[in-house]
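Taken together, the values in this text are just the output of simple stated rules run on the coordinates, not laboratory data. Given the structure is predicted, the values throughout are model-derived calculations rather than measurements. With ideal geometry, Cβ positions are generated from the backbone for all residues, glycine too; neighbour counts draw on all protein chains shown.
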Amino acid sequence: MNHNGSNIESRLWAAADELRANSKLKSSEYSVPVLGLVFLRFADHKFQVAAKELEGSGGNRRSIGPADYQAQGVLFLPEEARFSTLIQLPEGVNIGAAINEAMRAIEAENPDLKDVLPKTYNRFENSLLKELLKTMNSVPMDIEGDALGKIYEYFLGHFAMSEGQKLMAMVRLNRTRMDYLERFQQMIAAYNAGSLNPEEFFRQLVTFAQSLNEEEKRGVSEQLTEEELALFDLLMKPPIEMSASDREKVKATAKELLMTLKNNKLVLDWRKRQQARAAVRVAIDKLLDDHLPRAYTPELFRQKSTAVFQHVYDAYYGSGRSLYAAS
């Protein structure tokens, strides 16, 4: 019996999303690995179809190998990376480690995917991975036409939407992240225009999601809060050539400026009163002039001072109210 994908994709998405809700994982920790399993199911289907077509096409001195599959635009899947192998793993086996190894094996046979496929399945509990594999395995193999591809695209679209929402929230808190938004919009536009096939869209989406996750953690590595990081980035981007010690001075300046403004200047309705606005602008100018290193020329100083004031005006409403307090 043949099937179509009209209801299957929504059922699979609902099942995967319910498993996420019942897990202890954040959406950012869950989305890329799940998309990796959808990708594997999609790739496995294409591999099985190609295997049937290639059956018996070897010669006396050559056997069918990875290049035969790749010549048809199909990923070669080693035995340990095939869905049938993973779904039949015996009880007690570390499923996360097995899927990680499967992803590494796929990358080894298909160099275009090097360092792209997710390998964080060890964070998932065995029971959750088992249910995810069962969910993906429920897609019938006699599915009509490109319906499996449509299911894959359905998941891609939902995860792209999720990343987009996350990105918009991050840009709202830090406008220097606009380059991430531009990259994301270009990727979506290229996919919608047919310039990217689902496999390439997957590769780009995973790479983007990984970079966005790193950006989300950058404040911790810089030892800055999200508010301090926004000011620091305004002062440092586009990149300015300076020593490591001067970079630390800029970081300290961002911290001191934020503390000074919040403690003394950002009073109730400060944006509505000329005197209060002027006091904030003067405080910004003086503190930046006193503490920014010499790498900031008079022209660059003026640009940065204006940018910082505009950011403070947009993000801080007075009396402790701000974009950050609401986030």
Checklist entry - Taking Rh as the Kirkwood radius computed over C-alpha pairs, what is the Stokes-Einstein D of the chain at 10 °C in a medium of viscosity 1.306 mPa s, expressed in µm² per second? => result 68 µm²/s
Next on the checklist: At a 10 angstrom cut-off on C-beta neighbours, averaged per residue, how do the peptides 312-324, 36-48 rank from highest to lowest?
Outcome noted: 36-48, 312-324
Checklist outcome for this item: Whole-Hz Karplus couplings 3J(HN,Hα) for segment 158-165, θ = phi - 60° and coefficients 6.51, -1.76, 1.60, Gly and Pro as x, run 5, 6, 4, 5, 4, 5, x, 5
Next on the checklist: Using only the alpha-carbon atoms, what does segment 257-327 span along each of its principal axes? Please give whole angstrom values in decreasing order.
Outcome noted: 35, 28, 18
Checklist outcome for this item: A correct Karplus calculation of ³J(HN,Hα) over segment 265-273, with 6.51 cos²θ - 1.76 cosθ + 1.60, θ = phi - 60°, whole Hz and x for Gly and Pro, returns 10, 8, 7, 4, 6, 4, 6, 8, 10
Next on the checklist: Output wanted: per-residue J couplings in Hz (rounded whole) for segment 201-216, from phi through Karplus 6.51 cos²θ - 1.76 cosθ + 1.60, θ = phi - 60°, x for Gly and Pro.
Outcome noted: 4, 4, 4, 5, 5, 5, 4, 5, 4, 5, 5, 5, 4, 5, 4, 5
Item to check | Inter-probe distance in nm under a simple model that places probes 7 Å from Cα toward Cβ, at LYS286 and GLU79 | outcome: 7.7 nm
Checklist outcome for this item: Under the 7 Å Cα-to-Cβ spin-label approximation, LYS52 and SER10 lie apart by a distance in nanometres of 2.9 nm
Item to check | Rounded Å value of the spacing that divides the Cα centres of segment 232-278 and segment 182-200 | outcome: 37 Å
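Taking other Cβ within 10 Å of each residue's Cβ, how do MET136, MET236 sort, fewest first?
Fewest-to-most Cβ neighbours within 10 Å comes out as MET236, MET136.
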Checklist entry - Hey, can you rank 65-73, 122-130, 95-103 by average C-beta count inside 10 Å, highest first? => result 95-103, 122-130, 65-73
Checklist entry - Is it possible to state the helix-based mean residue ellipticity at 222 nm for the chain, with each DSSP H run of 4+ residues giving -39500 (n - 2.57), the sum divided by total residues, to the nearest 500 deg cm²/dmol? What is it? => result -21500 deg cm²/dmol
